[in-house]
Structures are given as C-alpha cells and as structure tokens.
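Undergrad: Quick one: the structure is below, questions incoming.
The values are calculated or read from the model by the stated rules, or taken from the named source; none is laboratory data. Remember, predicted model here, so these are calculated numbers, not experimental data. Here Cβ is always computed from backbone atoms with ideal geometry, including for glycine, and neighbour counts include all displayed protein chains. SASA here: full protein model, heavy atoms, side chains in, ligands and nucleic acids out. Shrake-Rupley method; radii C 1.70, N 1.55, O 1.52, S 1.80 Å.
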Amino acid sequence: MGLDRYAARIEALAREMGLAFAPVEFELVPDSFMAEIAIYGLPVRMRHWSFGVRYIHQLVHQKMGNSHIFEVMFPGDPCHAYMAEHNSVAENTLVTAHVLGHADFASRNALFLRFGAMAGQHILQQSAARAQRLEIALQRHGQEQVEAVLDAALALEQHVDVHAELHRPPYAAAWGPAGVAGKQAAADDPFTQRYRRLPGEAAALAAREAARARLAQRPLVPPQAEYDLLWFIAQHGPELADWERDIFLAVREESFYYYPVYACQIMNEGWASYWHARLLREADFLPPALYLSAIKSHSDVVRPYAGEHQQALAVNPYHLGFCMWEHIIEREGLARARQICRDDDDCSFIRNYLDGELADRLGLFVHESRRDGETRLASRDLRAIREAILAPKYNYGVPCIAVTLLNDDGSLVLRHDHQRDGRGLDLERAEQVLAYIARIWRRPVTLHTADFRGTPRVLHSKSDGVPEPPKPPTPAAPAATPVQH
C-alpha cells in the first residue's frame with residue numbers, strides 16, 4: 001500500500017475522530033523547492049535579495065544537520081501542503097496526519113478565521129499575481145528603483161496594525177458630515193451653552209475656534225499614533241507612484257495572512273503534533289514497521305533538545321505545545337481543548353494553561369546570557385518563564401513604532417514606544433531602516449527612540465546617498481530566555 005492510500009485512510013479517520021477542515025491538496029516536491037518555499041514563505045513570491053541571504057543560511061543549517069523541513073502547509077480553501085519527496089513513506093504518513101491537525105486548527109481558531117476572511121483563502125494564487133505585477137514593474141522601472149521600494153516595504157513587513165482591518169478607510173472618513181453633525185450637536189447642548197457664558201470663556205472660545213478653523217483646513221495627520229506603517233506610507237507617501245503603493249499594500253496583505261501563524265505557533269504546532277500522534281496510534285491499518293518508523297520521527301520532532309544534547313537553550317514549540325495539549329486534554333477533556341483552540345492565541349494559551357506542575361515536569365527555567373559569553377540560570381519562577389517565552393512574540397516580534405506627525409513640509413516623525421517594548425533599538429540597524437524609508441518617502445524622516453541602555457535618542461534620515469544593503473541578521477541573545485532541560 002502506497003502513501004496515497006495511507007493518506008486517504010488517515011483523512012477518513014481524522015474526520016471520524018471529529019477533525020474538521022477544508023480540503024487539503026498535498027504535493028511532493030524536490031528538496032531545493034522545499035527550501036525555497038520555506039525561505040520565501042510561499043511557492044511564488046516577489047523577488048528580493050534578502051530571500052537569497054536567508055536561502056544561504058538555510059542551506060548551511062541543513063548541511064550542519066540543524067534543520068530538516070518535513071512539510072510546509074498553507075491554510076486556505078483549499079489548504080495546500082508541500083512534502084519533501086526525499087522523506088520516507090513513514091515520514092510522509094506522519095506529515096499527512098500532522099497537516100490535517102494544522103488544517104483542523106485553522107478551521108477552528110478565531111484568529112485564523114478573522115485574518116483568513118480579510119486576506120483571502122487563495123494565498124498562492126494571490127501571491128503569484130503579485131509576483132507577476134512586480135515583474136512588470138521591474139521591466140518598466142528597472143531593478144534599482146523597484147528594489148528600493150521593496151527594501152523599505154520588507155524592512156517594515158511586520159509593522160502593521162493587527163487590531164485594525166486589512167481594508168480600512170482613509171482618515172478623511174472621520175471628518176465627514178456625520179462627524180461635523182456630532183460636533184455641532186455637542187456644542188448646542190445646555191451645559192455647553194452655560195459654560196460658554198462663564199467669565200473669560202468668550203476669549204478662550206474664540207481662540208479655540210480659530211485653532212479649529214486652521215485645523216479644519218488641514219486636519220492633523222495622523223489623528224492619533226499610527227502603528228500601521230505600511231498602510232500609512234502607501235496612503236500618504238507624497239510622491240509614490242501607483243506601482244510603488246501597490247508593493248507596500250501587497251507586502252502588508254501578506255503580512256496579515258502570516259500573522260495568525262506567528263501568533264499561534266506554539267498552539268498550532270502542538271495541536272498538529274498531538275493529532276498526528278493520536279491518528280497514527282488509532283490507524284490500525286498501518287504496518288507495524290511503518291508505524292514504528294513514523295513514531296520515531298514523531299519523537300524527533302517533539303523532543304526538547306537537538307541531536308545528542310540533553311538540554312536546550314530555547315523552547316521547541318512542537319514539544320511545548322504537544323505537552324500542553326496532552327496536559328489540557330487529560331485534565332479537562334477534548335471538548336474543552338477545542339474551546340481553547342477556538343478562542344486563544346499563544347499569549348493567552350501560555351499564561352492560562354502553562355501551570356507550575358507542567359513547567360516542573362518539562363524542566364523549564366529562565367537563563368541569562370551575559371555579554372562576556374557566560375550563561376547562567378536566572379529563575380524558575382513560573383511567571384518569569386511564561387513572560388520569557390512570550391517576550392519575542394509581542395507586537396508581531398518588532399518594536400512598537402508609530403507615525404506621530406506628518407508636517408506641513410512633508411517631513412515625517414516616527415516615535416518608538418520603548419517603554420511599552422521594554423527595550424531600546426540597535427541604532428545602527430534603525431538608521432539603516434530609516435534610510436530605506438526616507439529614500440521612498442522622499443522627505444526627511446525623524447525617529448524618536450532609545451538605545452539599548454534606555455537613553456533617549458533622536459535619529460534623522462540622511463538626504464544624500466543610497467543605503468547599502470543591511471548585514472545579514474544575527475539575532476542577539478535575549479537577556480532572559482526560557483530553556484528546557
């Protein structure tokens with residue numbers, strides 16, 4: 001019996017066990033194509049030099065034995081799953097069950113449903129269409145101009161407002177007739193009329209009216225701090241051509257599609273791992289040798305450490321999520337687990353369901369990495385462990401930076417909320433990103449931020465020269481990181 005027949009029976013078993021999902025299209029692909037999908041994020045996507053840098057890093061990790069890509073799955077209707085053709089039949093049998101777990105999660109989770117409805121259920125076709133439009137722009141405007149726009153857009157890829165809608169109206173809608181009527185009604189109420197007659201209020205009122213008149217001629221933009229940098233630049237870039245705005249909006253739309261995958265990684269991978277283990281256990285039609293080989297692959301996926309090491313300095317989301325779902329289902333039942341699957345993301349999942357008993361059983365603790373290279377245990381406190389796991393996930397994993405003012409001369413003011421972030425910026429990289437923004441904004445750009453010590457700093461874009469491509473990212477070790485022993 002081949003993989004096709006195993007896959008069909010596993011899918012039938014999954015539905016019998018209550019999994020609900022859109023149709024899944026599986027495809028076996030070569031290793032090289034598998035790596036490209038993992039790096040680009042999609043089978044066909046806009047071309048940019050940064051993906052090439054990531055591709056080289058991925059190849060190095062694979063050659064060192066630190067990375068093995070079993071599958072890449074894209075939620076939608078239908079879902080699309082790519083499996084490496086070098087995988088054994090046992091591995092791809094496990095992958096089939098794992099993907100069905102992902103598809104079930106995507107069909108239940110409120111975050112996946114909301115963002116899927118906004119970004120569309122046909123991401124592969126949409127991405128291919130965007131890539132085609134980019135190729136046309138490359139032919140018409142040249143690689144240098146197009147890459148300058150992509151440099152800025154991809155540097156801001158995760159700077160979107162995930163609490164807003166993907167398709168949102170411009171600010172002008174807030175100053176329409178309804179808004180004017182509301183202000184007039186408030187001005188005519190009896191309390192306001194009596195207040196206006198107080199001594200000295202007439203002059204103050206006249207001054208306020210004059211200021212309001214000036215503001216009405218040019219409303220404050222943005223009316224409040226705007227954290228969706230991609231949307232703001234696409235809407236208000238003073239000299240952006242239509243094709244340039246299209247690139248910003250395309251990157252933004254893809255970022256909305258990816259957000260649930262990012263925000264629910266531990267839940268999603270744990271749910272898929274729980275179900276692939278359970279489906280394989282219930283699949284009595286699998287030959288014993290194939291089952292044992294598949295379960296060996298399961299153990300490799302969900303173990304807390306890599307290779308022969310017996311400890312890890314980072315959490316494996318497969319292992320943590322799998323253990324948490326087993327713990328929840330054992331204690332509260334499958335119906336309750338499905339409610340959690342529907343309502344939570346990783347932040348609420350970790351805070352509400354990673355309890356002290358499980359943290360002790362998994363050997364979780366927080367370590368500190370010093371600048372001199374020393375690593376030491378910092379805490380076994382449950383709250384510290386939870387927050388260390390979640391720290392990289394806040395605000396889509398990027399600093400909280402907002403547009404606060406578009407000046408009359410077109411210059412732009414950005415502000416980094418470093419107190420909310422709890423960290424400063426790498427000023428060298430911040431200046432590089434600022435240069436990218438200024439190059440396509442075509443006006444001065446200022447960023448108010450803080451350095452790694454928390455000292456306030458103000459960065460100004462330079463008007464001369466073209467920024468060099470940034471160095472390949474080498475993430476610094478966080479001050480406090482959860483580990484498993």
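Undergrad: Please indicate, with yes or no, whether at least one residue in region 291-310 is modelled with pLDDT of 95 or more, among the charged types (D, E, K, R) and within 28 Å of Glu91 (Cβ to Cβ).
TA: No, every residue in region 291-310 fails to be modelled with pLDDT of 95 or more, among the charged types (D, E, K, R) and within 28 Å of Glu91 (Cβ to Cβ).
Undergrad: Search region 8-35 for residues being part of a loop (DSSP other than H, G, I, E, B) and over 14 Å from Thr96 (Cβ atoms), and hand back the single one that is modelled with the lowest pLDDT.
TA: This residue is Pro30.
Undergrad: Of all residues being open to solvent by less than 10 Å² (accessible area, probe 1.4 Å) and in contact with a Phe, Trp or Tyr (Cβ under 7 Å, 6 or more places away or on another chain) in region 267-296, which is farthest from Ile350 (Cα to Cα)? Just the residue, please.
TA: Leu280
Undergrad: Here's something else I'd like to know. Do we find that Val99 is of a type in the set (A, V, I, L, M) and in contact with a helix residue (DSSP H, G or I) (Cβ under 6 Å, 6 or more places away or on another chain) in this structure?
TA: For Val99, the condition - of a type in the set (A, V, I, L, M) and in contact with a helix residue (DSSP H, G or I) (Cβ under 6 Å, 6 or more places away or on another chain) - is not met.
Undergrad: Consider region 403-416. How many of its residues are open to solvent by less than 20 Å² (accessible area, probe 1.4 Å) and touching a strand residue (DSSP E or B) at 6+ places or on another chain (Cβ under 8 Å)?
TA: Qualifying residue count, region 403-416: 5.
Undergrad: Looking only at region 444-456, filter to residues that are open to solvent by 30 Å² or more (accessible area, probe 1.4 Å) and in contact with a Gly (Cβ under 8 Å, 6 or more places away or on another chain); which one of those is modelled with the highest pLDDT?
TA: Result: Thr455.
Undergrad: If Arg5 satisfies all but one of (1) closer than 30 Å to Phe248 by Cα; (2) at pLDDT below 90; (3) of a type outside the set (Phe, Trp, Tyr); (4) assigned to a helix (DSSP H, G or I), what's the number of the condition it fails?
TA: Evaluating Arg5 over (1) closer than 30 Å to Phe248 by Cα; (2) at pLDDT below 90; (3) of a type outside the set (Phe, Trp, Tyr); (4) assigned to a helix (DSSP H, G or I) leaves (1) as the failure.
Undergrad: Hey, which of the helices (runs of 4 or more DSSP H) in region 381-465, taking only ones fully inside, have at least 2 residues that are among the hydrophobic types (A, V, I, L, M, F, W, C) and touching a Leu at 6+ places or on another chain (Cβ under 8 Å)?
TA: Result: 382-390, 427-441.
Undergrad: Quick check on Asp464: is it closer than 19 Å to Leu240 by Cβ and either at pLDDT 90 or above or among the charged types (D, E, K, R) (or both)?
TA: no
Undergrad: Considering only residues that are assigned to a loop (DSSP other than H, G, I, E, B) and either out of contact with any strand residue (DSSP E or B) (no Cβ under 6 Å at 6 or more places or on another chain) or without any contact (Cβ under 8 Å) to a residue 60 or more places away in the chain (or both), which ones fall in region 219-249?
TA: Residues satisfying the conditions are Pro219, Leu220, Pro223, Gln224, Asp228, Gly237, Pro238, Glu239, Leu240, Ala241.
Undergrad: Given the options Val366, Val433, name the one that is closer than 30 Å to Val149 by Cβ and either among the β-branched types (Val, Ile, Thr) or out of contact with any helix residue (DSSP H, G or I) (no Cβ under 9 Å at 6 or more places or on another chain) (or both).
TA: Result: Val433 is the single residue among Val366, Val433 that is closer than 30 Å to Val149 by Cβ and either among the β-branched types (Val, Ile, Thr) or out of contact with any helix residue (DSSP H, G or I) (no Cβ under 9 Å at 6 or more places or on another chain) (or both).
Undergrad: Still on this model: Since Asp372 meets every condition but one in (1) assigned to a loop (DSSP other than H, G, I, E, B); (2) surrounded by 15 or more Cβ atoms within 10 Å (Cβ to Cβ), which condition does it not meet?
TA: Here Asp372 clears every test but (2).
Undergrad: Still on this structure, I have one more. Exactly one condition in (1) touching a residue at least 24 places away in the same chain (Cβ under 8 Å); (2) over 13 Å from His236 (Cα atoms) is not met by Glu428; state its number.
TA: (1)
Undergrad: Could you list, in sequence order, the residues of region 119-134 that are farther than 12 Å from Pro260 by Cα, in contact (Cβ under 8 Å) with a residue 12 or more places away in the chain and in a helix (DSSP H, G or I)?
TA: Ile123, Leu124, Gln126, Ser127, Ala128, Arg130, Ala131, Arg133, Leu134
Undergrad: Related question: Looking at region 375-402, which of its residues are more than 20 Å from the chain's Cα centre (by Cα) and either at pLDDT 90 or above or open to solvent by 50 Å² or more (accessible area, probe 1.4 Å) (or both)?
TA: Thr375, Arg376, Leu377, Arg380, Asp381, Leu382, Arg383, Ala384, Ile385
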